[in-house]
Amino acid sequence: MRPRVKASVLWGFVGLLGFLVLLQGYELATGFRYALGVKVGVALAVGAGATGVSYVAEPLVFE
């Protein structure tokens with residue numbers, strides 16, 4: 001796997017986990033619970049978005 005792709009996938013994973021941590025904190029603070037499907041769907045969308053943005057932005061930032 002190319003280093004740029006690997007870095008983008010890892011940033012996507014970080015984004016996905018970061019979203020889930022923030023969502024869990026929100027749920028603990030407010031007592032409101034979201035459905036599991038909503039959590040998974042939005043987390044996957046955030047992870048895919050973070051992967052895409054980091055792949056596109058990497059050459060702009062580091063070159």
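The values are calculated or read from the model by the stated rules, or taken from the named source; none is laboratory data. Source: prediction; values computed, not measured. For neighbour counting, all protein chains shown are included, and Cβ atoms are generated from backbone atoms with ideal geometry for every residue, glycine included.
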Has segment 29-37 got any residue that is part of a helix (DSSP H, G or I) and surrounded by 10 or more Cβ atoms within 10 Å (Cβ to Cβ)? no
Every listed condition ((1) in a loop (DSSP other than H, G, I, E, B); (2) aromatic (Phe, Trp, Tyr); (3) in contact (Cβ under 8 Å) with a residue 40 or more places away in the chain) holds for Trp11 save (1)
Determine whether segment 20-27 contains at least one residue that is in a helix (DSSP H, G or I), in contact (Cβ under 8 Å) with a residue 24 or more places away in the chain, touching a Phe, Trp or Tyr at 6+ places or on another chain (Cβ under 9 Å) and not small (Gly, Ala, Ser). no
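Listed here are the residues, each with its yes/no results for (1) of a type outside the set (S, T, N, Q); (2) under 14 Å from the mean Cα position of the chain (by Cα); (3) loosely packed, with under 11 Cβ neighbours inside 10 Å; (4) modelled with pLDDT of 95 or more.
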{"site": "Pro3", "(1), (2), (3), (4)": "yes, no, yes, no"}
{"site": "Lys6", "(1), (2), (3), (4)": "yes, no, yes, yes"}
{"site": "Leu20", "(1), (2), (3), (4)": "yes, yes, no, yes"}
{"site": "Tyr26", "(1), (2), (3), (4)": "yes, no, no, yes"}
{"site": "Lys39", "(1), (2), (3), (4)": "yes, yes, no, yes"}
{"site": "Ala43", "(1), (2), (3), (4)": "yes, yes, no, yes"}
Matching residues in segment 45-63 (surrounded by 15 or more Cβ atoms within 10 Å (Cβ to Cβ), more than 15 Å from the chain's Cα centre (by Cα) and of a type in the set (A, V, I, L, M)) number 0
